[in-house]
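Here's the structure we're looking at; comments come further down.
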Amino acid sequence: MTIGEKIKYCRKQIGITQDKLAELTGIHPVSIRKYETNKMQPQPPQLEKIAAALGVSYNALNGSDTAGLRLKTVGDLMGVLMVLCNSGILQISGERGEDNLLKEETVSIQFNPILSSYLKFGYTTRGKAHTLSLQDILLNIKSYKVLNDLLKWEKMNFIYHSALKSAGENPNEATQAAIDEIAETKEQVELELQKSQILLDTSNGVKVKVNPNSLK
């Protein structure tokens, strides 16, 4: 999907008009229409407002494979994890059930061994320095809902790439149409999983990113 198609999809998902989106963001309605029809590309400040109004991560609209990733909310985190998986930096394996979803109790999440051998993170407690490897940090993912969402995405990613592999280099028209449908469903799942506006910094309790315009 293009940025415009993603904006249109998310807007329709929450049942608001282009005029309402314009009102929530303070962006001219004509600009919203041009964004959705790909006649004009929103700049980062405008895209940030649109993402907030639609209740979706900035990364989800901007594209997880582009530069300028944000890491402020749980939705942003999902986008970053998708990038890591797609690039081979993060590797997920396990026993797959009949529904193609990896069984949670069998899941193994690992960073690329080369990356793990070079990068370590440090922290200090009571004046004593400690070191954690990437793998140590990644194990903590299993304590959060993030893991379940990541496995939902992994399932769709697996189905999509399996379909591509089965189709071969020259799929017929019907097969290509089926692949395109799977690709669209995959992108919709990615958008849904990047909607969480809960801020990653929850040291003082759970915080949610709120669009100021929605309070007017």
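Scanning the range 49-64 for residues that are assigned to a helix (DSSP H, G or I) and either within 15 Å of the chain's Cα centre (by Cα) or among the hydroxyl-bearing types (Ser, Thr, Tyr) (or both) yields a total of 8.
Listed here are the residues, each with its yes/no results for (1) at pLDDT 90 or above; (2) part of a loop (DSSP other than H, G, I, E, B); (3) acidic (Asp, Glu); (4) more than 24 Å from residue 20 (Cα to Cα).
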residue: 171; (1), (2), (3), (4): no, yes, no, yes
residue: 176; (1), (2), (3), (4): yes, no, no, yes
residue: 179; (1), (2), (3), (4): yes, no, no, yes
residue: 184; (1), (2), (3), (4): yes, no, yes, yes
residue: 189; (1), (2), (3), (4): yes, no, no, yes
residue: 196; (1), (2), (3), (4): no, yes, no, no
residue: 201; (1), (2), (3), (4): no, yes, yes, yes
residue: 210; (1), (2), (3), (4): no, yes, no, no
residue: 214; (1), (2), (3), (4): no, no, no, no
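The conditions of being part of a helix (DSSP H, G or I), without any contact (Cβ under 8 Å) to a residue 40 or more places away in the chain and either in contact with a helix residue (DSSP H, G or I) (Cβ under 7 Å, 6 or more places away or on another chain) or closer than 23 Å to residue 145 by Cα (or both) are not met by residue 81.
Here 103, 155 are screened, and the one residue that is modelled with pLDDT of 85 or more, in the same structural domain as residue 73 (by TED's automatic domain parsing) and crowded, with 16+ Cβ neighbours inside 10 Å is 155.
Taking first residues from the range 17-34 that are touching a residue at least 40 places away in the same chain (Cβ under 8 Å) and under 15 Å from residue 51 (Cα atoms) and partners that are among the β-branched types (Val, Ile, Thr) and surrounded by 15 or more Cβ atoms within 10 Å (Cβ to Cβ), the Cβ contacts under 6 Å between residues at least 6 apart in sequence or on separate chains come to 25/50. Could you look through the range 95-112, keep only residues that are in contact with an Asp or Glu (Cβ under 8 Å, 6 or more places away or on another chain) and not aliphatic (A, V, I, L, M), and pick out the one that is nearest to residue 163 (Cα to Cα)? Going through the qualifying residues, I end up with 103. The single residue among 75, 15 that is in contact with a strand residue (DSSP E or B) (Cβ under 9 Å, 6 or more places away or on another chain) and either assigned to a loop (DSSP other than H, G, I, E, B) or closer than 24 Å to residue 183 by Cα (or both) turns out to be 75.
Yes/no matrix, rows are residues, columns are (1) touching a His at 6+ places or on another chain (Cβ under 8 Å); (2) without any contact (Cβ under 8 Å) to a residue 12 or more places away in the chain; (3) within 22 Å of residue 150 (Cβ to Cβ):
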position: 12; (1), (2), (3): no, yes, no
position: 15; (1), (2), (3): no, yes, no
position: 50; (1), (2), (3): no, no, no
position: 61; (1), (2), (3): no, no, yes
position: 76; (1), (2), (3): no, no, yes
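The values are calculated or read from the model by the stated rules, or taken from the named source; none is laboratory data. Everything numeric in this text was worked out from a predicted model, so none of it was measured. Backbone-built Cβ (ideal geometry, glycine too); neighbour counts: all protein chains shown.
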